[in-house]
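A short write-up of the structure that comes next.
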Amino acid sequence: MATITFTIDGKPVSGQPGQSILKAAQAAGIYIPRLCAFKDLIPHGSCRICSVRVNGRIQAACVQTISDGMVVENDTPEILEFRKAILDMLFVEGNHYCMFCEKSGLCELQALAYRFGITAPQFPLLNPNRPIDLSHPDVYLDHNRCILCGRCVRVSQELDNKNVFQFVGRGYQKRLQVNGEALAATGLRVADRVTASCPVGALMKKRVGYAVPVGERPFDHQPISAEWHAKQEA
């Protein structure tokens, strides 16, 4: 198979035809942040955290395939500010109390905030009134933490061959919905892959939140990185 050569921030990178910028960068040990991307899922490009500048135009690295001579800008002040603004908006659109969240130290959104130096929101907090679904015996759904990345929707459909989750509404009224009156009325099982797919603390297994003590979790000591993602996808 022919090898494709292109550059990321001036560094030569090789990849295979049909490979995304994100996957090629990952293989080269170059970190491109992401939230909606997940192992074995068809790329979706919904969160835009992985945005890069490609031959002068902003593109989502998870869906844009590589080509010979492509020039990718990933680690520039412009791109970093672009991603930081997206992260800021994700925080203020929900209710993220990191100090009291069971996912703290394991949360990819929190880890990205640490990496980008976000310590306080730059936009007004919306403080939405969102429910918590505790009806399921083994899994709970906290809509306050949901960032609408779509992982649970796609993992349930593509990997579990179910249709437990779906989005309803548009714009600021968009929200996650389950295919039943409550989570307990769906076909969700604790062993489904979707239960471990959420990057934040919105969808979590019960009774395991503090199995690893705070202070001993991956992002308590090391920033989120290409190496961390490589381990998750191994």
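Placing dummy labels 7 Å off each Cα toward the beta-carbon, the span from Gln122 to Glu158 is 3.1 nm. Summarising the amide proton neighbourhood of Val139: residues at separation of 5 or more, or on other chains, whose placed amide H is nearer than 5 Å comprise Lys206. Across the accessible surface of the stretch 4-75, with the other protein chains kept in place and a 1.4 Å probe, carbon and sulfur atoms take up 50 percent. Extension gain, Ala185 to Gln232, is 13.9 nm, computed as 0.36 nm per intervening residue step minus the present C-alpha separation.
For the stretch 120-172, the pair-distance distribution built from all alpha carbon pairs, in bins 5 Å wide starting at 0, is 4, 14, 19, 26, 18, 10, 6, 3 percent. The listed residues Glu227, Glu158, once ranked by accessible area (1.4 Å probe) with the largest placed first, stand as Glu227, Glu158. Sorting Phe6, Phe91, Phe82 by accessible area puts them as Phe82, Phe91, Phe6; the probe is 1.4 Å, largest comes first, and only protein heavy atoms count. Ranked from largest to smallest solvent-accessible area, with a 1.4 Å probe on the protein heavy atoms, Ile132, Ile4 come out as Ile132, Ile4. For Ile58 and Val208, the difference between the fully extended length at 0.36 nm per residue and the C-alpha to C-alpha distance is 50.0 nm.
Distance distribution P(r), the stretch 66-108, all Cα-Cα pairs, bin width 10 angstrom from 0: 22, 32, 28, 14, 4 percent. Of the solvent-accessible surface of the stretch 87-172, computed with a 1.4 Å probe and all protein chains present, 57% belongs to carbon and sulfur.
Under a 1.4 Å probe, what is the accessible area of the stretch 165-225 per residue, stated in Å²? Per-residue accessible area for the stretch 165-225 comes out at 59 Å². The phi torsions of the stretch 70-76, fed into the Karplus equation with coefficients 6.51, -1.76 and 1.60 and a -60° offset, translate into couplings of 4, 10, 10, 10, 10, 10, 10 Hz, rounded to whole numbers, with Gly and Pro shown as x.
Would you please give the FRET efficiency between Arg193 and Asp68, computed as 1/(1 + (r/R0)^6) with r the Cβ-Cβ distance and R0 = 35 Å, to the nearest 0.05? For Arg193 and Asp68, the calculated efficiency is 0.45.
Once the 1.4 Å probe is applied to the protein heavy atoms, the stretch 1-86 comes out at 47 Å² accessible per residue. Along each principal axis, taking the top coordinate minus the bottom one, the Cα set of the stretch 4-75 gives 26, 22, 18 Å in descending order. Legend: P(r) of the stretch 158-228 from all alpha carbon pair distances, 10 Å bins from 0, whole percents, reading 15, 39, 28, 18, 0. Listed values for the stretch 40-52 are Karplus-derived 3J(HN,Hα) couplings in whole Hz (6.51 cos²θ - 1.76 cosθ + 1.60, θ = phi - 60°), namely 6, 8, 5, x, 10, x, 8, 7, 6, 5, 7, 4, 9, and x replaces Gly and Pro. Taking 4.7 Å between C-beta atoms as the pairing limit, the chain has these partnerless cysteines: Cys50, Cys62, Cys98, Cys101, Cys107, Cys146, Cys152, Cys198. Taking all protein chains together and rolling a 1.4 Å probe, Ser46 ends up with roughly 50 Å² accessible.
Projecting the Cα atoms of Gly209, Leu159, Ser135 onto the charge dipole of the chain, computed from C-beta unit charges around the Cα centre, puts Ser135 farthest toward the positive end. Volume of the convex hull of the chain (Cα atoms only), normalised per residue: 134 Å³.
The values are calculated or read from the model by the stated rules, or taken from the named source; none is laboratory data. Note that the structure is predicted; figures quoted are calculated from it, not measured. As a convention, Cβ positions derive from the backbone with ideal geometry for all residues, glycine included, and neighbour counts pool all protein chains shown. Heavy atoms of the whole protein, side chains included, go into the accessibility calculation; ligands, DNA and RNA do not. Shrake-Rupley method; radii C 1.70, N 1.55, O 1.52, S 1.80 Å.
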